[in-house]
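Visitor: Handing you a structure now.
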Amino acid sequence: MELRNRLRERFPVLVSERLRLRRIEKEDTETLFACVNDPSVRRHTSFQKGTLLFPDRLFRYFDDTYQSLRDLHFGIEIKEGTGLIGICSLQFWDREAGRARLGYLLAPSCWNRGFATEAARSVVEFGFDILQLSRIEARCSIHNPASEKVLRKCGFTPVKLAGERLQSGSDYGGGPGNEIHSFYLSKPASICYTNEIYL
């Protein structure tokens, strides 16, 4: 309970070589709303039904998660930038089981620059170090090889080709046949931390 209270009172800031990952604030809403509703982003993501209809609903969704802590969403910003470029999250956090699921998305203008991998590594380190996770899982569409590449760069191992759809009963941009690959990463015996975590 102490850890959960600390996270509610002061959400962590993760700092890597080029990025800062932080709590999503109300002033970020318009930028993120445009990002997650971009067709090239939305077809590979899913949100709770109705979340993507209006900016205020999107912010309320994120704000609620900072209290429930079922999901921990970090807004991604470039250190020298002027706003968020995406989101990286640990979702479905199960403290007793020591598990969570990694998720991420970036604005298309920031693709192919290594930002998703850098952000994912920061969040994975946070999960293993601060949350004391023993295993982090991830999923990606079989039609999203760039996302699979990010996971492999972060050390994730493929599990199987799942016969489920990449959705959650949800506002979803994918079409028929959008099956997913499942991946996992177990906590290593020792971790060489490369990023800064501010609690």
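The values are calculated or read from the model by the stated rules, or taken from the named source; none is laboratory data. Note that the structure is a prediction, hence the values are computed from the model and not measured. Cβ atoms come from the backbone with ideal geometry, glycine included; neighbour counts cover every protein chain shown.
Visitor: For the range 76-97, give me each residue that is surrounded by 15 or more Cβ atoms within 10 Å (Cβ to Cβ) and closer than 18 Å to Pro12 by Cβ.
Guide: Of everything in the range 76-97, those that are surrounded by 15 or more Cβ atoms within 10 Å (Cβ to Cβ) and closer than 18 Å to Pro12 by Cβ turn out to be Ile76, Glu77, Leu84, Gly86, Ile87, Cys88, Ser89, Leu90, Gln91, Trp93.
Each row is one residue, and each column tells you yes or no for (1) modelled with pLDDT of 55 or more; (2) touching an Asp or Glu at 6+ places or on another chain (Cβ under 7 Å).
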position	(1), (2)
Glu125	yes, no
Ile130	yes, no
Lys149	yes, no
Lys153	yes, no
Asp171	no, no
Asn178	yes, no
His181	yes, yes
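One line per residue, one yes/no per condition, for (1) in contact with a strand residue (DSSP E or B) (Cβ under 9 Å, 6 or more places away or on another chain); (2) polar (S, T, N, Q); (3) farther than 18 Å from Ser16 by Cα; (4) surrounded by fewer than 15 Cβ atoms within 10 Å (Cβ to Cβ):
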position	(1), (2), (3), (4)
Ala116	yes, no, no, no
Glu125	yes, no, no, no
Gln132	no, yes, yes, yes
Ala138	yes, no, yes, no
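Visitor: Which condition number does Arg113 fail, the rest of (1) part of a loop (DSSP other than H, G, I, E, B); (2) modelled with pLDDT of 95 or more; (3) closer than 20 Å to Ala138 by Cα being met?
Guide: Status for Arg113: all satisfied but (3).
Visitor: Something else about it: Which residue pairs have Cβ atoms under 9 Å apart, sit 6 or more places apart or on different chains, and have a first residue in the range 3-25 that is closer than 15 Å to Ser122 by Cβ and polar (S, T, N, Q) and a second that is outside any loop (DSSP other than H, G, I, E, B) and at pLDDT 95 or above?
Guide: The qualifying pairs are Ser16/Glu118; Ser16/Ala119; Ser16/Arg121; Ser16/Ser122.
Visitor: Quick check, is Thr45 in contact with a Leu (Cβ under 6 Å, 6 or more places away or on another chain), surrounded by 12 or more Cβ atoms within 10 Å (Cβ to Cβ) and at pLDDT 90 or above?
Guide: Taking the combined requirement at face value, the residue does not satisfy it.
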